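Right, one structure below, let's go through it.
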Amino acid sequence: MTVPSVSGWYARTTLHPDGTDFVPARDKLVFAVLLNAPADPEGFTAALFRPDVAVDARGRVLQVKSDDFAALTGLAGQVGALPDTGSFMNAWRVAHDRTSQKIDRLFVSSADGQIKETSVQGWHPEQKKLKDAVADYEELPPVLHELFGYIQEARTDYRRGEEENKSLIFQIKAIVEN
C-alpha cells in the first residue's frame, strides 16, 4: 500500500477549535512519538488521535488536514508489518560514525487496542544504512524513513522547557508507557 507524500503536513495544521477541552484517550490514539536524546532524555515529539487531531512537541492541539491524517495513519499502520529487531525498544539502528544518537520511539495503536513500540536510533534524512541488518533489511525500511521524516516536522520551533501544555504531554506519555 503506498500513500501520497505528506511533506509539509505540520505547516498545514491549524489550532484545533476545541483544543483546550481535548483529553487524550487510548482508544482514539493512532500513534505517539517520544524522544530519547542526550539533550532531551524524556522528550515528546507528537501524537495523532482520531479524528484528525495532532498534539505537537509543545503540547499544542492541532487540527490535521484529512488527507494528511489518512496518509500518516496509513504509514503508521504499515510499521506493524515490519519484523521485530530483537533489540531494546525494538530499535532500528542507523549507522553513524559517532555514538549517542537520539532514539525516536514510535508507539502505534492497533485495531485490537494493543500498542507496539518501534524505534529508530539515529534517524537522518540522508542516512539509511543500518548498523546491523534486521532480517533481510540492510537499510532502514522506506516506511520508517519516510514516516520518521514527517514526524520530525512536529518539532518545528520547539525549544525544551517552553512547552505550552506539559500536563497534556504527560497524559499522552502515560497512555503509551503503561
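The values are calculated or read from the model by the stated rules, or taken from the named source; none is laboratory data. Note that this is a predicted model, so its numbers are computed, not measured. FYI the Cβ positions are ideal-geometry reconstructions off the backbone, even for glycines, and counts take in every protein chain you see. Please note that ligands, DNA and RNA were not included when accessible areas were found on the heavy atoms of the full protein model with its side chains. Shrake-Rupley method; radii C 1.70, N 1.55, O 1.52, S 1.80 Å.
Quick notes on this structure:
- Whole-Hz couplings from phi, Karplus 6.51/-1.76/1.60, listed for the stretch 77-89; x for Gly and Pro: x, 6, 4, x, 7, 6, x, 5, 7, x, 9, 3, 6
- Just so you know, the Rg over Rh for the chain is 0.94, from Cα atoms, with Rh as the Kirkwood radius.
- With all protein chains in place and a 1.4 Å probe, the accessible surface of the stretch 5-46 carries 55 percent carbon and sulfur.
- Relative packing of 116-122, 150-156, 65-71, which averages over residues the other C-beta atoms within 10 Å, highest first: 116-122, 150-156, 65-71
- Of all lysines in the structure, those lying under 29 Å Cα to Cα from Lys166, and not within fewer than 8 positions of it along the same chain, are Lys28, Lys65, Lys102, Lys116.
- Amide H contacts under 5 Å for Thr85, placed H, 5+ residues apart: none
- Full-extension gain in nm, Glu117 to Phe170, via 0.36 nm per residue minus C-alpha separation: 17.3 nm
- Cα Rg, Dmax (largest Cα-Cα span) when computed across the stretch 25-91, Å: 13.4, 36
- Long-range HN-HN contacts of Val30 with modeled amide H, under 5 Å: Leu48, Phe49, Arg50
- Ligands, DNA and RNA are left out, and with a 1.4 angstrom probe the accessible area of the chain is 52 Å² per residue.
- Distance between the modelled labels on Phe22 and Ala81, one decimal in nanometres: 2.9 nm (7 Å Cα→Cβ projection).
- Residue-wise HN-Hα couplings along the stretch 136-153, as the Karplus relation 6.51 cos²θ - 1.76 cosθ + 1.60 with θ = phi - 60° gives them from phi, are 9, 8, 9, 10, 4, x, x, 5, 5, 4, 5, 4, 5, x, 5, 4, 4, 4 Hz; Gly and Pro carry x.
- Amide hydrogen neighbours beyond the local backbone of Phe44, cut-off 5 Å, H modeled: Leu35
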